[in-house]
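All of the numbers you see were taken from the coordinates with simple rules; none came from a lab. Just so it is clear, the structure is predicted and the values come from calculations on it, not from any experiment. Note that each Cβ is placed from the backbone with ideal geometry, even for glycine, and that neighbours are counted across all protein chains shown.
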There are 4 protein chains.
Amino acid sequence: MPAPSIETAEEVMFYDTDCGGVVHNIAYLRFIEKARTKLAAVMGMELREMAATQLFPVVVRTEIDYRRPALLGDHLIVRGALELLQRARFGMQFEIVRPADGERLVLCRQSLALVQMPEGRPQRLPEMWAAQWPDATAPAKS
Amino acid sequence: MPAPSIETAEEVMFYDTDCGGVVHNIAYLRFIEKARTKLAAVMGMELREMAATQLFPVVVRTEIDYRRPALLGDHLIVRGALELLQRARFGMQFEIVRPADGERLVLCRQSLALVQMPEGRPQRLPEMWAAQWPDATAPAKS
Amino acid sequence: MPAPSIETAEEVMFYDTDCGGVVHNIAYLRFIEKARTKLAAVMGMELREMAATQLFPVVVRTEIDYRRPALLGDHLIVRGALELLQRARFGMQFEIVRPADGERLVLCRQSLALVQMPEGRPQRLPEMWAAQWPDATAPAKS
Amino acid sequence: MPAPSIETAEEVMFYDTDCGGVVHNIAYLRFIEKARTKLAAVMGMELREMAATQLFPVVVRTEIDYRRPALLGDHLIVRGALELLQRARFGMQFEIVRPADGERLVLCRQSLALVQMPEGRPQRLPEMWAAQWPDATAPAKS
């Protein structure tokens, strides 16, 4: 199977913007979290199940580039894909685009671990993942 | 015409919850803002237009009752309706329900003014509104 | 003893504002939560202890009036006080003022319950509270 | 002069945490923004002045590593310093530590531009900066 990917839609609300007149840098990370959550669900990690098992995908690193600002009322698309599977970490990449003008506004990479709470112990990734998505076991391309 | 009303859907994300294990009280107000924004659009106030005209609907009062908590992964419906039109203020009411068990989790009323920024001057409401939505000119029922 | 009260200081950050050029209505509730947390600590409810006992003060109702907007960089003072003690609920009141011009920007009342998580069971308030703060057992004045 | 640096203090509030029981990854970026704002003020960029001139330091890239989680009620210290001055960009680095156990919880680097709003035009950095803080004109060390 190709590596899992998803797409989510956002509309920029007042609370996403700041007095510079554009979307605040932190707000994009909420957009990305929503996409990441959908992507995790596609990979078999459902939110409700997490609440029960207390096994959570935890962000261990974020890299985010802000290229163009989004504005109040903009309709945005967030695209996310599994990019890399390692022994105990997996990488996702995201981009936020504005269909109205085709601009890629934001690029983001996140590295995640599976952590058993409340102890906070990182787990090995399920072996099934590498078998299912061999594309993601090769090193990521910049 | 009956007073305008809308319905929006939310799925509870990690960033909506707190370490009490339930949705944080402030997060519901983001859900309600999204519904309010859709309702404002139905009433003719579009986000993108606001950014241009700098005429904004501004919340002047919120009353919110938290009756039952929502949990990670819950699918929620927010229902909003125009409730009251006065000379310079209008009232909206909202409820957040969880279809899975039919619970009404949150009830909220907000009073808004139309404010011309950056001066911050409140405007009279458009006269057309009262003509269009006579139901909303009667006093609100508790 | 007089009813417990506290004062906290805030400086308005970018993330507190929106593209209307002023502080977003939701951001004030974060300021108030910080004050409420200090007030709870004065009343004997320490954050770290809550994390251990899972007994949390939970907001069951908020009323908030937005009178004047705060701006980027404003220095604000939040004043909070215990206002009312009932059998299973207690009320707090808050005001947010801007010392630079003496304006009272926001008034807020919150009603809280003590809830044992994860069951979500409301507890009776400690009897000691009424004995300690008799002022707060009389009905609140508007 | 040595490159400017600052230190800010935070106490973890409920709204900073999520139902995993720890501070949410996005919340640390609010802590860092507060530190960045103080650091910008030390460098001569005052919030109130920005609101007037509409010349804003804008984050163009964030890298953040989450090493250990913070918990409700934790007292944290955020340390920030100017790290790098280029023609049109400047870099800051931050770390979040927990004095109680000496743990470094979070490491972060941000790259910023000076942007004139509402046009969104990036400006050259003031020449005075390089003269004042020669340490920051050398390439950053990992």
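Miscellaneous remarks
- Distant-in-sequence amide H partners of C:A70 (H built 1.01 Å from N, under 5 Å): C:V23
- Average beta carbon contacts from partner chains per residue of D:24-35, 10 Å cutoff: 5
- Approximate spin-label separation C:M1-B:Q54, in nm, with each point projected 7 Å along Cα-to-Cβ: 5.0
- Label spacing, shortest first and in nm, from A:L107 to its equivalents in the remaining copies (7 angstrom along Cα→Cβ): 2.3, 5.2, 5.3
- Chain C has one residue whose beta-carbon comes closest to the axis relating it to chain B; that residue and its distance in whole Å are C:E63, 3.
- Degrees separating the helix D:25-42 axis from the principal Cα axis of chain D, which is the longest one: 40
- Teacher prompt: A:E63 distances to equivalent labels in other copies, 7 Å Cα→Cβ, nm: 0.7, 5.3, 5.3
- Across the identical copies, the label point of D:D135 (7 Å from Cα in the Cβ direction) is separated from its matches by 4.8, 4.9, 6.7 nm, in order from shortest.
- Cβ charges +1 (Lys, Arg) and -1 (Asp, Glu), total dipole of the range D:78-121, debye: 180
- The range B:63-130: C-alpha pair distances exceeding 16 Å, %: 58
- Peptide B:112-121 has a mean shielding of 2, counted as Cβ atoms of other protein chains within 10 Å of each residue's Cβ.
- Value of [θ]222 nm, deg cm²/dmol, for chain D, DSSP H segments ≥ 4, -39500 (n - 2.57) each, nearest 500: -6500 deg cm²/dmol
- Quarter of Cα convex hull surface for the range B:1-61, i.e. mean projection, nm²: 5.8
- Sparsely packed loop sites in the range D:69-112 (the trypsin sites (Lys or Arg not before Pro) outside DSSP H, G, I, E and B with at most 10 other Cβ atoms within 10 Å) comprise D:R87.
- The range A:38-79 - convex hull of the alpha-carbon atoms, volume per residue in Å³: 125
- Inter-centroid distance (Cα atoms) of the range B:89-129 relative to the range C:65-119, Å: 21
- Considering only alpha-carbon pairs that sit under 8 angstrom and 6 or more positions apart, the relative contact order computed for chain B is 29 percent.
- Peptide A:49-60 - average C-beta neighbours from other chains (10 Å radius): 4
- Rg and Dmax of chain C, based on Cα coordinates, read 15.9, 48 Å.
- Greater than 28 Å apart at Cα, pairs in B:K38/D:K34; A:K34/D:K34; C:K34/D:K38: B:K38/D:K34
- Anisotropy class of the protein assembly as shown from Cα gyration tensor, a/c 1.5 cut: rounded
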